[in-house]
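Q: So that we are looking at the same thing, I have put the structure below in structure tokens.
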Amino acid sequence: MFLCIWIITLSVKKPLIAVYNLINLATAGGDSGYLFAAAGVLVLLNTLRALFLYLGWFSVGHGMARLFGRKWLAFAVPVIMIPFCYQILESLQSSAKPHFGMPAVFGILSVVIIQKLTKDVAGWGNTTLALIPLLFSFQWLDVIPRLTTLGFGWGEVSMAIKGVAFLLERDEILNLLGGIAFITVLAGGLITSELLILSTRQIRHMKRIRIQERQLSRLREEHLRTRSSRELQNLVHDLKRPLTSITGLADVIENSVSQENIKRHAKIIQRAAWGMNQMISEILHPDSRRTITLEEILSYTMSQVSSLDFHRHVEVMLSERESKITLEVNLVRLSRALVNILDNAAQAASEKSKEPHILLQVSFDGSYVLFSVIDNGPGFLQHQLRELSSGRNRTGLGLAFVREVALEHKGTLDIGNSDNGGGKVQIRIPIEREVLL
């Protein structure tokens, strides 16, 4: 695009007409002010043309470097092609040609200098800001009469300006003003480049700090989770001792009394204690299993959801025939995984809809039991499906634990979108025995 704009600028004649008009005014009135104005307009015109040429080949060089994986192309392409373009214009004898200044050696050096000064400037907008004063300063060398013998300013318009300066005996003034303009603008360009580089480095430094802060925050959270998990394990382990006492005393009561109602109450205490003991074992040992029906799994899961705000938005779907199918599962960990998924689905659905709807569906396909959670939220974006995470914890919240539970049961965790566009998360657990419905 930049190269196309550069080619278009070569065909624009009006700025050159303005330069010639100023030269005529300087000649007619002997006014060096018009002459310097003509030099300034020419320098500005050549700067704009050079800007698009440089940006064009810089972008081509960077593009080729990314395409071929060769970083040196970002430097080599502009160094070769920018002087080449000027030499092509020189050979064509174009009336609109911006003279390169010196022969190709100076052109290559100017590209190298600009590349070095702007290599750490991020973004094409900032690169343009850094390029403009640098190019503007270099173009002033073309209108300094004293540098003509060194190869500067051999273009038609540049020679016309310097020729008039000699005729009016204003060449020393043009030398002085051109030199001052070159030094001043170059200094401004160097300062601008340095400020942009410092700004870029500061932004990169701040980004690194933010990344490090996020990493430290994650490490702190992981440490707290590990500590909390360890303390919870110790606490649950400590519950076993009083529970053993309760079970033993209930057994003593059942066998030492004759009243039937007391025996019945003792048996209820024993069953409750046994259930608590089973739960503790499942919390402490992920490989602990119990055989339980799908109906009981859902009932236990929904009993945990009932205390949460979104419970009224959850619809459970389980056929009567499939409700009696049994699985060997760690009920505590599987139910926690399902609650995690339901919680995520509720958050996603509430973001999009005023009437969130979460479907918890359990089905059986002959060899697998499928626990599906489907919401009417915005669904997952493609990059979220690839990374299995999102910026709003859509899948990240508890996902590691859910996947871990699925793997513990020799199953899989699948994440995708439903037909209605919402999110769809499934835990698939195999049944290793034949089931008759």
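Q: Can you pull the accessible area of residue 182 for me, 1.4 Å probe, Å² to the nearest 10?
A: 40
Q: Taking the stretch 300-341 as the region of interest, what is the percent of Cα-Cα pairs per 10 angstrom bin, listed from the shortest bin to the one with the maximum distance?
A: Here the calculated profile for the stretch 300-341 is 24, 51, 25, 0.
Q: Taking 45 Å as R0, compute the FRET efficiency from the Cβ-Cβ separation of residue 154 and residue 211 and round it to 0.05.
A: The pair residue 154/residue 211 has a calculated efficiency of 0.30.
Q: Considering the zone a paramagnetic label at residue 16 would reach in this model (a point 7 Å from Cα along the Cα-to-Cβ line), which residues of the stretch 134-162 have amide N under 13 Å from it?
A: So the set is 155-160.
Q: Sticking with the crude label model, points 7 Å out along Cα→Cβ, report the distance from residue 401 to residue 304 in nm, one decimal please.
A: Inter-label distance under the simple model: 0.7 nm.
Q: Using the alpha carbons of the stretch 135-216, what is the convex hull volume per residue in cubic angstrom, as a whole number?
A: 90
Q: Moving on to the next point. So what's the Cα pair-distance distribution over the stretch 281-382, bin width 10 Å, in %?
A: For the stretch 281-382, the binned pair fractions read 15, 44, 31, 10, 0 percent.
Q: With a cap of 15 neighbouring Cβ atoms within 10 Å, and only residues DSSP puts in a loop, list the trypsin sites (Lys or Arg not before Pro) found in the stretch 50-89.
A: In loop regions of the stretch 50-89 (DSSP not H, G, I, E or B), the sparsely surrounded trypsin sites (Lys or Arg not before Pro) are 70, 71.
Q: Moving on to the next point. Calculated FRET efficiency, residue 370 and residue 66, Cβ-Cβ r, R0 51 Å, to nearest 0.05?
A: 0.70
Q: Starting from the residue with the highest accessible area, list 60, 252 in decreasing order, probe 1.4 Å.
A: From most accessible down to least: 252, 60.
The values are calculated or read from the model by the stated rules, or taken from the named source; none is laboratory data. For clarity, every value in this text was computed on a predicted model and none was experimentally measured. No Cβ is skipped: glycine too gets one built from the backbone with ideal geometry, and neighbour counts run over all protein chains shown. Quick note on the areas: whole protein, heavy atoms, side chains included, nothing else; ligands and nucleic acids left out. Shrake-Rupley method; radii C 1.70, N 1.55, O 1.52, S 1.80 Å.
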